[in-house]
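Student: Take a look at this one; I'll ask things after.
The values are calculated or read from the model by the stated rules, or taken from the named source; none is laboratory data. Treat the numbers as computed from the prediction; the structure is a model and nothing was measured. Backbone-built Cβ (ideal geometry, glycine too); neighbour counts: all protein chains shown. Just so you know, the surface numbers come from the protein's heavy atoms only, side chains and all, with ligands and any DNA or RNA stripped out. Shrake-Rupley method; radii C 1.70, N 1.55, O 1.52, S 1.80 Å.
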Amino acid sequence: MTGLEKIVSQILDDANKEAETILAKAAAQSDAILKKAQEDCGKMEEDCSRRSEETEKAYMERIHSSAQLKKRQAILLAKQQVISDMLDKAYDRLLNMEDSQYFSLVEKMVDRFALAKSGEICFSNKDLGRMPADFEEKIRKAAARRGGELSLSKKSCPIDGGFILVYGGVEENCSFKALLNAQRDELSDRIHSLLFP
């Protein structure tokens with residue numbers, strides 16, 4: 001082997017060794033990049049799984065919360081219906097009292113609502129037809145106890161029960177429906193506290 005051949009052979013050996021070193025380094029870098037990519041993919045999968053679980057949990061909480069709200073609304077609606085039914089039954093009982101009880105109650109109402117003025121009291125057509133003979137006198141006495149004067153109107157008024165007081169063109173509606181409606185919130189609260197403590 002000549003000197004030139006030895007030099008070329010040496011250069012080729014060095015080049016091959018350097019190529020092997022570069023290839024080994026590239027393979028190591030490739031393995032490191034692949035390993036990091038696999039680790040990153042694993043982390044991304046964990047993150048996705050965690051986020052998915054959190055989203056599912058939040059969704060289930062919203063569904064539960066919505067169901068609870070609907071349940072509370074349904075219970076409230078049922079309670080309001082029970083209270084409304086009770087008030088309607090109370091109203092019906094007032095209207096369907098025996099005549100003696102009914103007019104005794106009306107007399108007490110006149111005692112309470114009559115003013116110390118001169119006026120007129122108006123009843124429904126039904127009440128005018130079943131009114132006891134001495135009731136007009138009881139009305140006058142009840143008004144007098146309050147310092148007023150009431151005369152019975154021969155004209156009926158469009159109410160179911162109770163009466164309307166008329167003082168100088170100003171009406172005070174003392175019908176059962178008007179009185180119940182005026183006290184509806186307070187009565188509803190009382191019934192609620194009795195039925196649903």
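Student: When the accessible area of the chain is split by element with a 1.4 Å probe, what percent falls to carbon and sulfur? Intermediate values should be presented prior to the final figure.
Tutor: Details: 7980 of 14440 Å².
Of the solvent-accessible surface of the chain, carbon and sulfur hold 55 percent.
Student: Can you give me the orientation-averaged projected area of the convex hull built on the Cα atoms of region 146-190, in nm²?
Tutor: 4.4 nm²
Student: Counting helices only, and only those DSSP H runs with n ≥ 4, report the 222 nm mean residue ellipticity of the chain as the sum of -39,500 (n - 2.57) divided by its residues, in deg cm²/dmol to the nearest 500.
Tutor: -26000 deg cm²/dmol, from helical runs alone.
Student: Subtracting the Cα-Cα distance from 0.36 nm times the residue separation, let me have the gained length for ALA178 to LYS138 in nm, one decimal.
Tutor: Net length gain for the segment: 12.1 nm.
Student: Let me ask another. Among LEU69, ALA24, VAL170, flag the residue with its Cα farthest along the positive direction of the charge dipole of the chain, charges on Cβ as +1 for Lys/Arg and -1 for Asp/Glu.
Tutor: VAL170
Student: Can you give the FRET efficiency to the nearest 0.05 for SER156 and ALA116, using r as the Cβ-Cβ distance and R₀ = 30 Å?
Tutor: 0.70
Student: Another question, if that's okay. How compact is region 111-197 by the rule of thumb for globular proteins, expressed as Cα Rg over 2.2 N^0.38 Å?
Tutor: 1.27
Student: Further, regarding this structure: In nanometres, what is the gap between the two model label sites at SER100 and ALA37, each 7 Å from Cα along Cα-to-Cβ?
Tutor: It is 10.4 nm.
Student: Between LEU87, LEU115, LEU23, which gets the highest mean-square fluctuation from a Gaussian network model of the chain, Cα cutoff 10 Å?
Tutor: Fluctuation is largest for LEU23.
Student: So what is the relative contact order for the chain, in percent, with contacts set as C-alpha pairs under 8 Å and at least six apart?
Tutor: On the way: 143 pairs, mean separation 33.9, N = 197.
Computed value for the chain: 17 percent relative contact order.
Student: Top mean-square fluctuation among MET44, MET86, MET131, Gaussian network model of the chain, C-alpha springs under 10 Å?
Tutor: MET44
Student: Tell me, what does the Kirkwood hydrodynamic radius of region 1-81 come to in angstroms if you use every pair of distinct C-alpha atoms? Intermediate values should be presented prior to the final figure.
Tutor: Numbers: mean 1/r = 0.0517 Å⁻¹.
Evaluated on region 1-81, it is 19.3 Å.
Student: If I model a spin label at SER30 and VAL82 as a point 7 Å from the Cα along the Cα→Cβ vector, what separation in nanometres do I get?
Tutor: Distance between label points: 7.8 nm.
Student: Hey, got the dipole for region 75-152? About the Cα centre, +1 on K and R Cβ, -1 on D and E Cβ, debye to the nearest 20?
Tutor: Dipole about the Cα centre, nearest 20: 300 debye.
Student: Across region 167-179, in residue order, what do the Karplus-derived ³J(HN,Hα) couplings come to in whole Hz, using 6.51 cos²θ - 1.76 cosθ + 1.60 with θ = phi - 60° and x for Gly and Pro?
Tutor: Karplus-based 3J(HN,Hα) across region 167-179 equals 10, x, x, 9, 9, 10, 7, 10, 6, 4, 4, 5, 5 Hz.
Student: With mean projected area of the Cα convex hull in nm² as the read-out, I listed (1) 23.6; (2) 11.9; (3) 12.9; which label goes with the value calculated from this structure?
Tutor: So the structure-derived entry is (1).
Student: Loop by DSSP (not H, G, I, E, B), at most 12 other beta-carbon atoms within 10 Å: where is the longest site-free stretch of the chain for trypsin sites (Lys or Arg not before Pro)?
Tutor: In the chain, the maximal stretch lacking such sites is 1-153.
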